[in-house]
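Single-structure report; data block below.
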Amino acid sequence: MPDIYAVIPCAGTGSRAGTAIPKQYQPIAGKAMLWHTLAAFAACPAITETLLVLAPDDNWFARHQAPPEVPARRFMTTPAGGASRAESVRNGLQALRAQGAQPEDWVLVHDAARCLITREQIEHLIAACKPDETGGLLAVPLPDTLKCELPRNGLPDDVPARVAATVPRSDKWLAQTPQMFRLGVLLQALEAGLQHAPEHITDEASAIERLGLQPLLVQGSGWNFKVTYPEDFTLAEAVLLARQQHQKVD
């Protein structure tokens, strides 16, 4: 049976978060954000191993010990982070191949900053994708009205944006992670995308789509949001603390 790996790119600086350190290491609910993310993957028996793709100069793990819910045997690191997310993921897949992972093995790529992911959501994605030829991603139907902005045509930044049109939302989904594909196909897709159209590779599914494939849309959760801006930390912490309290009651 094919193995199932997880790859988490951790080479970004998180500049939009406004933190003094990369946001994946920013404390939330008493622990670095990344530990919450890793704990969900460590809890999934189906995951063979989780690979963290770090920036080449990242020494954070040399100075911090994993909490009990993230056993060291359940993850490894590689200093192979690239200039973009797609490059980091591509480099991570190459590292997996170098250690013996096979092209037919599955890979779940996840954002380190989606620290509210749960074991149940990961296992839901795995169950949906394993019988599928292509694979897929967690996503949620767009809940809000979507607007297009009028072209700015060189207008100064202090000029307010205006609506050009309303976009029908009936068939629109918000992509999340994890995104689950065969290692060999995803590596091929990323290498081709980075060579020919790097600006269009916004996630793993977009690279797969460029091969003419159609990933599954697997219903996710609105709580699986990406911590991006300062106010997101407050919301994520509230959710994590509520979960911890619920676990204590149980």
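Structure above, values below:
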{"quantity": "Residue ID - nearest to the chain's Cα centre (by Cα), chosen from residues in region 197-238 that are closer than 18 Å to A32 by Cα and not in a helix (DSSP H, G or I)", "calculated": "K226"}
{"quantity": "Candidates A161, A197, A207, filtered to the one that is surrounded by 21 or more Cβ atoms within 10 Å (Cβ to Cβ), out of contact with any Pro (no Cβ under 9 Å at 6 or more places or on another chain) and over 19 Å from C10 (Cα atoms)", "calculated": "A207"}
{"quantity": "Checking E191 against (1) closer than 21 Å to Y5 by Cα; (2) surrounded by 17 or more Cβ atoms within 10 Å (Cβ to Cβ), the condition it does not meet", "calculated": "(2)"}
{"quantity": "Strands (runs of 3 or more DSSP E) within region 1-103 that include 1 or more residues open to solvent by less than 20 Å² (accessible area, probe 1.4 Å), in contact (Cβ under 8 Å) with a residue 12 or more places away in the chain and polar (S, T, N, Q)", "calculated": "49-54"}
{"quantity": "Search result, residues across region 85-116 that are small (G, A, S) and out of contact with any Gly (no Cβ under 9 Å at 6 or more places or on another chain)", "calculated": "A95, A98, G100, A101"}
{"quantity": "Residues of region 150-192 satisfying the condition of being modelled with pLDDT under 95 and outside any loop (DSSP other than H, G, I, E, B)", "calculated": "V167"}
{"quantity": "Condition check for F225: touching a Gly at 6+ places or on another chain (Cβ under 8 Å) and either touching a residue at least 12 places away in the same chain (Cβ under 8 Å) or under 23 Å from L51 (Cα atoms) (or both)", "calculated": "no"}
{"quantity": "Subset tally (residues that are touching a residue at least 24 places away in the same chain (Cβ under 8 Å) and either closer than 23 Å to G222 by Cα or small (G, A, S) (or both)) for region 121-167", "calculated": "20"}
{"quantity": "Pick from region 26-44, criterion within 11 Å of I122 (Cβ to Cβ) and not small (G, A, S), ranking: nearest to the chain's Cα centre (by Cα)", "calculated": "T37"}
{"quantity": "Any hit, region 163-177, residues being within 21 Å of A6 (Cα to Cα), of a type outside the set (V, I, T) and in contact with a Lys or Arg (Cβ under 8 Å, 6 or more places away or on another chain)", "calculated": "yes"}
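The values are calculated or read from the model by the stated rules, or taken from the named source; none is laboratory data. Since the structure is predicted, the reported quantities are computational estimates derived from the model, not experimental observations. Counting neighbours? That spans all protein chains shown, and the Cβs are built from the backbone with ideal geometry, glycine included. We work out accessible area using only protein heavy atoms, side chains counted, and drop any ligands, DNA or RNA first. Shrake-Rupley method; radii C 1.70, N 1.55, O 1.52, S 1.80 Å.
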